[in-house]
Amino acid sequence: MAHLSESFAAGLRATLAAEALTVQRYTYFAQIAEIEGRTEIAKLFRDLAASVACAAHGHLDVLRDHVPQGIGDTALNLASSVAEALRDADGTYPELTAAAFDEGQVDVASWLTTAAALKKAHVARLDAALRELAEPAGREPALTSGHGGSDD
């Protein structure tokens, strides 16, 4: 398949990012509407979030097929997810935390520290899955979250 031009691929990545943000916003708005007892509006937001997520998956399909990057088989997807989560845990979140402290936003800095710890937990789980995937065939993987709740 022909590769997309860098400018077109950049536009598609920007559109994907916008769609992903929209999914998160709609999901968040649905939770607020649900708390307020507006179940029909909550359902509307959830339905729209699912629709936008479908479009975002389509963008990912195009990027996977036309732009060399970290999307492919499960091993590649795990490896690229580990790398991205490490970048966030060791770079993005500490930088944001420091900036929050510099601006006197102690509560925000605390939240960002928690988010960084969550990213590190994601790294550990993703890395364990990648290592188990690399083990010889015939051994059943034993992926667990390590606790009773979800840390997504």
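The values are calculated or read from the model by the stated rules, or taken from the named source; none is laboratory data. Here the structure is a predicted model, which means the values were calculated and not measured. Quick reminder, even Gly has a Cβ in these numbers, built from the backbone with ideal geometry, and neighbours come from all protein chains shown. What goes into the accessible areas is simple: the full protein's heavy atoms, side chains included, and nothing from ligands, DNA or RNA. Shrake-Rupley method; radii C 1.70, N 1.55, O 1.52, S 1.80 Å.
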### Task
Scan the stretch 43-59 residue by residue and report those that are in contact with a helix residue (DSSP H, G or I) (Cβ under 7 Å, 6 or more places away or on another chain) and loosely packed, with under 15 Cβ neighbours inside 10 Å.
Ala55
### Query
Which residues, counting only those in the stretch 25-74, are in contact (Cβ under 8 Å) with a residue 40 or more places away in the chain and more than 26 Å from Glu6 (Cβ to Cβ)?
Thr74
### Query
Across the stretch 87-106, which residue is farthest from Ala9 (Cα to Cα) among those that are open to solvent by 70 Å² or more (accessible area, probe 1.4 Å) and part of a helix (DSSP H, G or I)?
Val106
### Message
Residue under question is Ile71, and the condition is that it be surrounded by 14 or more Cβ atoms within 10 Å (Cβ to Cβ), hydrophobic (A, V, I, L, M, F, W, C) and not in a helix (DSSP H, G or I); does it hold?
### Response
yes
## Note on the structure
Filter the stretch 21-42 for residues that are hydrophobic (A, V, I, L, M, F, W, C) and open to solvent by 50 Å² or more (accessible area, probe 1.4 Å); the one that is farthest from Ile71 (Cα to Cα) is Ile35
### Message
Can you confirm whether Thr113 is at pLDDT 95 or above, open to solvent by less than 70 Å² (accessible area, probe 1.4 Å), farther than 30 Å from Gly11 by Cβ and part of a helix (DSSP H, G or I)?
### Response
no
